[in-house]
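Data block below; observations after.
The values are calculated or read from the model by the stated rules, or taken from the named source; none is laboratory data. Small disclaimer: the values here were computed from a predicted structure and weren't measured. All Cβ positions, even for glycine, are placed from backbone atoms using ideal geometry, and neighbour counts span all protein chains on display.
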Amino acid sequence: MDFALPPDDDPRRTRVREWLARNPEPSGRQLAEAGYVAPHWPEPWGLAADPVTQLVVDDELRRAGVHRPENPIGIGWAGPTIVKAGTREQKERYLLPLLAGEEVWCQLFSEPGAGSDLASLTTRAERDGDEWVVDGQKVWTSYAHRADYGILLARTDPSAAVHRGISYFLCPMHAPGVTVRPLVDMTGAHTFNEVFLDGVRLPAANLVGQEGDGWSLAKVTLGNERVSLSGAGSLWGMGPTAADLVDEVRRSGGERDPLLRQRLARVWAEGEILRLLRLRMVSAAVAGEDPGPEASVRKALADDHGQHVMELACDLTGASGMLTGGNAMPGGDAIYRYGFLFAPALTIGGGTSEVQRNIIGERTLGLPHDPAAR
């Protein structure tokens with residue numbers, strides 16, 4: 001790993017600073033039009049930025065205290081798929097509002113009987129003149145209750161091979177026939193939903209790519225999803241890191257129990273391994289190289305690590321960890337209490353740990369596929 005960010009007088013930095021001086025409190029629309037939401041995207045939606053320029057933009061926005069719009073599924077997963085395979089009309093209609101956070105997106109992939117085995121999905125889309133009529137059910141759909149659009153997988157040719165009869169659609173979430181029902185998890189939060197599609201009519205123009213190409217496009221979406229879910233912090237990149245937990249313990253006077261100290265050292269070491277793997281990925285990108293198997297390995301390790309961090313945070317507080325008020329967790333931060341309850345989802349969402357390890361074994365290590373079921 002050998003990369004360094006450009007110095008303060010680098011033209012790439014000064015351009016961002018000059019823009020921020022003219023737009024000290026930029027809106028999501030202004031950030032999107034400037035190409036600063038997804039600078040690696042091609043123009044006019046991004047800057048076609050190389051990895052170093054992306055890091056410079058990130059660094060300057062962070063220094064200025066500027067936050068990008070919150071639309072994780074739209075910006076992280078739906079957008080890259082539309083960029084890759086969408087029509088000119090689809091790109092012009094959806095990408096800028098998506099980047100600006102003006103239209104929230106969700107992902108209509110998983111079904112009650114098709115979770116890890118996504119290719120076995122049964123939601124149907126049948127052609128009726130200039131429309132597709134969709135019937136089926138989706139589940140674990142994050143943000144569906146506040147989404148404007150969803151990326152939808154549906155089977156358009158039931159007679160085709162399991163991976164070949166699937167197509168990829170853009171689905172308005174307020175269309176007639178779309179019903180969203182909340183799934184409240186044990187944290188008490190409402191993020192997930194189940195979605196029922198009863199005779200939903202989608203214009204033919206809402207098909208992304210060619211009919212039957214849905215599986216290949218789904219792999220583009222899922223590839224972006226699994227990178228996103230292996231971010232720096234625990235809880236799929238959104239929560240505190242192991243180093244944050246260690247700092248909390250230091251500030252509270254340290255830990256005397258030798259077993260808990262050993263566990264702190266272990267999760268800190270896990271966090272360092274993940275941090276270094278992330279730096280290897282960045283370093284390879286800066287050098288214009290394929291990062292190799294690090295991304296898959298990091299996703300699998302990060303899932304278990306997030307659970308370890310949250311379980312340890314709870315154990316450090318003893319019986320008070322069961323309380324819902326006051327300083328129940330280190331530093332009195334409710335994120336640890338929430339994270340302990342949410343952590344079991346880490347090894348399930350975005351591809352179970354077992355599936356991830358199968359992918360690593362087969363595609364990275366060259367191990368044989370599981371024998372076919374009889």
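General remarks:
- Leading residue by the ranking (farthest from LEU118 (Cα to Cα)) among those in region 318-371 that are surrounded by fewer than 12 Cβ atoms within 10 Å (Cβ to Cβ) and modelled with pLDDT under 65: GLY326
- Some residue of region 146-153 being surrounded by 18 or more Cβ atoms within 10 Å (Cβ to Cβ), more than 30 Å from PRO42 (Cα to Cα) and assigned by TED's automatic domain parsing to the domain that holds ASN206: no
- For THR141: the one exception among (1) hydroxyl-bearing (Ser, Thr, Tyr); (2) over 30 Å from GLN30 (Cα atoms); (3) buried (at least 18 other Cβ atoms within 10 Å of the Cβ): (2)
- Any chance GLU70 is free of Cβ contacts under 8 Å to residues at least 12 places away in the same chain, within 18 Å of TRP41 (Cα to Cα) and acidic (Asp, Glu): no
- Of all residues in region 9-48, those that are in a loop (DSSP other than H, G, I, E, B), at pLDDT 90 or above and on the phi < 0 side of the Ramachandran plot total 18.
- Annotation note: Cβ proximity below 9 Å between a residue of region 251-268 that is assigned by TED's automatic domain parsing to the domain that holds HIS305 and a residue that is charged (D, E, K, R) and exposed (fewer than 15 other Cβ atoms within 10 Å of the Cβ) (sequence gap 6+ or interchain) occurs for GLY254/ARG261; GLU255/ARG261; LEU260/ASP315; ARG263/ASP315.
- Unmet criterion (only one of (1) surrounded by 18 or more Cβ atoms within 10 Å (Cβ to Cβ); (2) modelled with pLDDT under 95; (3) within 30 Å of GLU194 (Cα to Cα)) for VAL57: (3)
- Given (1) surrounded by 16 or more Cβ atoms within 10 Å (Cβ to Cβ); (2) closer than 28 Å to GLY271 by Cα; (3) modelled with pLDDT of 90 or more, number of the condition ASP213 does not satisfy: (2)
- Lone qualifier among GLY239, GLY223, GLY253, GLY233 - being closer than 19 Å to LEU301 by Cα, surrounded by fewer than 18 Cβ atoms within 10 Å (Cβ to Cβ) and either modelled with pLDDT under 85 or not hydrophobic (A, V, I, L, M, F, W, C) (or both): GLY223
- Just one residue in the set GLY46, GLY28 is over 21 Å from LEU279 (Cβ atoms), in contact (Cβ under 8 Å) with a residue 40 or more places away in the chain and buried (at least 16 other Cβ atoms within 10 Å of the Cβ); that residue is GLY28.
- Candidate set from region 147-177 (those that are of a type in the set (A, V, I, L, M) and out of contact with any helix residue (DSSP H, G or I) (no Cβ under 9 Å at 6 or more places or on another chain)); member that is modelled with the lowest pLDDT: ALA161
- Check on VAL180, under 13 Å from LEU197 (Cα atoms) and either in a strand (DSSP E or B) or more than 23 Å from the chain's Cα centre (by Cα) (or both): yes
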